[in-house]
Amino acid sequence: MSSFEELSAHPALARALATRGYDTPTAVQEAVLVAEERDLLVSSQTGSGKTVAFGLLLARLLLGSEERIKRGMRPRALVVAPTRELAVQVHKELSWLFQPTGARLLAFTGGTDLRQDLRALKGGVELVVGTPGRLVDLVERKGLDLEGLEAVVLDEADEMLDLGFREALQALLDKAPAERRTLLFSATLPSEIRALAQKYQKHALHIDPRGAGARPSAHEDIRHVCHLVANGDRVAAVVNVLRQADEERAIVFCARREGVAEMHRQLARRGFSAVAMSGDRAQAERTRALDAVRAGSAQVLVATNVAARGLDLPDVGLVVHADLPENPEALTHRSGRTGRAGKKGVNVLIAEMGERRRAERLFQLAHVVCAWTAAPSASSIAAADLERVFTQVLTDAQAADDQASLGLADRLLTSGEPRAIVAALLKRALTGRPAGEVLKPIDLKPKPRHPATHATTRSVSHSGSQSTSHAAARPGSHARPHAPAHAHVTAPAGKPREAMAKSGVVLFEINLGAKDNAEPGWLLPLVCRRGSITRKEVGAIRVGRDSSTFEIAADAADEFGANAAERDPRAPNVRIERAAAGDGAKLATRSWKPLAKKHPRRP
């Protein structure tokens, strides 16, 4: 293994790293240090040391052979991060790394006083870290001048696009000088990231520390565990997983903020020291929650995927997906909260019986190998507790040298039957631990698949986007042929009619209709993506003038409704909700009937 000095890291930064105990570069740090001096597109998992990696590259560019940085009024480097927490974390990391160079660093995020940010910029700065929205605000108010930039770093670029910051990123990059270095770090490289790189980078070198041609995968230091549970046993399974692992720090992911609030309530009711964090909570509340986990006063953080992006939480030994991630990229990001900095971690995915096929498809796309197992039982948790206490008592006994405690032990052993006294002490040691939950028995064997009928609509990719060029069109963009004013219907999207008839359907409504040029074949992928379902759970789609209705299989309706209610940054004005109760009840009890095939419209 090479050292930082051998890789020609700047001497000032190498000394700062040595002071902190960093002697050997991580894979991503070594890869970028030996790379050519050009734009870089770096595949980098969370916790891989990428902040130090691009800090070392910026030092080479800004310092050259000088020990101290040349000061000026305009920033020379810009680092863009997707969330406030990550921006603060990056600023903190770069601050100690660049401290010997005299560089001035400023961090700008939403939720702070904009006027104070503008005043801070008037004092001069060499390196700026910030979130896209706040940086654009500062540029528009003439406080942040990007014309002197020599380098731009996009940290966790895929998350920024997921959060809807495409326009903000483009505005910042368009303002930066054409002759600059653009360094793009991303855990995953979906087509949107590659398109961004192609537009704003020049002959970028793709670096993947895992080796050329490596497939996207979750962290090698993470062990994946997949539990299949009976419908309705999700909370009980989470409780048992947390109790069995008994980790000092754990994160439980839920799909929606309502789910976060309910899971937090259920865990607190059972005696867990848990805190909650979701997008609707104030920044001060989010900070308190993180501080509680860092300090050890809280063991479990319950969070939505968006709220937990960019978290700086050390030593998270366990990640639990109470709700399945919406796509493979989300699975990668969630899982990356554990197994950081060379430490091992466990990633547990919980799926109810009705979610099995969707989960298996998710694993396949994320290249995660995971066999279904039953969640820990109450009896196995009780046995694990006894074993932990037994081991801890023996360990403590070997180091016992407190005379007062030894004297008390002598008194106890001479005052009663020793075996009964030890049993009483063990019982006291076990008191206060949340009890394991009783789970309903399940059959882990997969059920045979029914032959699916073919849909007459366009094909849908795993992410829910259409495979045609219409996928990029937004509602009302008139990128499609104009839809007629009358309603039209598509045939069932693939779920066997017998299964639909048996389970029934629930009617949902979307606020897009003929006035928005909506068509069934265009709505289908949007519905699937928003609800995190496949086309097989979608029945007939009826397009009206101002809105459209569509059928969802009753056994998938609750999960679909919860997912679809989340705000989608890619289509923030699109709303999906259950239709009137009367219509839904009527549809849920009717039998399934084949619908007429829709013929192509004439020009």
Handout entry: Per-residue ³J(HN,Hα) for region 30-43, Karplus 6.51 cos²θ - 1.76 cosθ + 1.60, θ = phi - 60°, Hz, x for Gly and Pro
Key = 5, 5, 6, 6, 9, 6, 5, 7, 8, 5, 10, 10, 10, 7
Problem - Restraint check, Lys344/Lys445; Lys92/Lys142; Lys50/Lys445, Cα-Cα greater than 32 Å - result: Lys50/Lys445
Problem - Check: region 145-194 dipole with +1 on Lys, Arg Cβ and -1 on Asp, Glu Cβ, in debye - result: 160
Completion exercise
The alpha-carbon center of region 1-50 and that of region 135-205 are separated, in whole Å, by 22
Fill in the blank from the handout: dims of region 11-207, Cα set, principal axes, largest to smallest, nearest Å -> 42, 40, 30
Exercise for the section: Would you pull out the residues with amide H under 5 Å of Ala579's amide H, same chain only if 5 or more places away, H placed 1.01 Å from N? Expected result: Leu507, Phe508, Glu509
Practice task
Neighbouring Cβ atoms within 10 Å as the yardstick, rank Tyr200, Tyr22 fewest first.
Solution key: Tyr22, Tyr200
Practice task
With θ set to phi - 60°, apply the Karplus curve 6.51 cos²θ - 1.76 cosθ + 1.60 along region 177-187 and write out the HN-Hα couplings as whole Hz, x wherever there is a Gly or Pro.
Solution key: x, 5, 8, 8, 9, 10, 10, 10, 10, 8, 5
Exercise for the section: State the Cα centre-to-centre distance between region 231-288 and region 97-116 in whole Å. Expected result: 33
Completion exercise
Exposure-ranked with fewest Cβ neighbours within 10 Å first, His203, His264, His321, His367 stand as His203, His367, His264, His321
Practice task
Just subtract the alpha-carbon distance of Ala409 and Thr112 from 0.36 nm times their residue separation and send over the number in nm, one decimal.
Solution key: 101.2 nm
Completion exercise
With x for Gly and Pro, the residue-by-residue ³J(HN,Hα) of region 346-362, computed from phi through the Karplus equation 6.51 cos²θ - 1.76 cosθ + 1.60 at θ = phi - 60° and given in whole Hz, is 10, 10, 10, 10, 10, 10, 6, 3, x, 9, 4, 5, 5, 5, 5, 5, 4
Exercise for the section: Kindly provide the GluC sites (Glu not before Pro) of region 98-202 that DSSP labels as loop, not H, G, I, E or B, and whose Cβ sees at most 12 other Cβ atoms within 10 Å. Expected result: Glu147, Glu179
Handout entry: Stokes-Einstein D in µm²/s, Kirkwood radius over Cα pairs - region 222-378 at 10 °C with 1.306 mPa s viscosity
Key = 103
Completion exercise
Sorted by chain and then number, the residues having a modelled amide H within less than 5 Å of the amide H of Ala375, at least 5 places away or on another chain, are Leu228
Handout entry: Anchor Lys440: aspartates and glutamates whose Cα lies under 13 Å away (excluding residues fewer than 8 positions away in-chain)
Key = Asp233, Glu352
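Just so you know, all these numbers are worked out from the coordinates, no wet-lab data involved. Source: prediction; values computed, not measured. Counting neighbours? That spans all protein chains shown, and the Cβs are built from the backbone with ideal geometry, glycine included.
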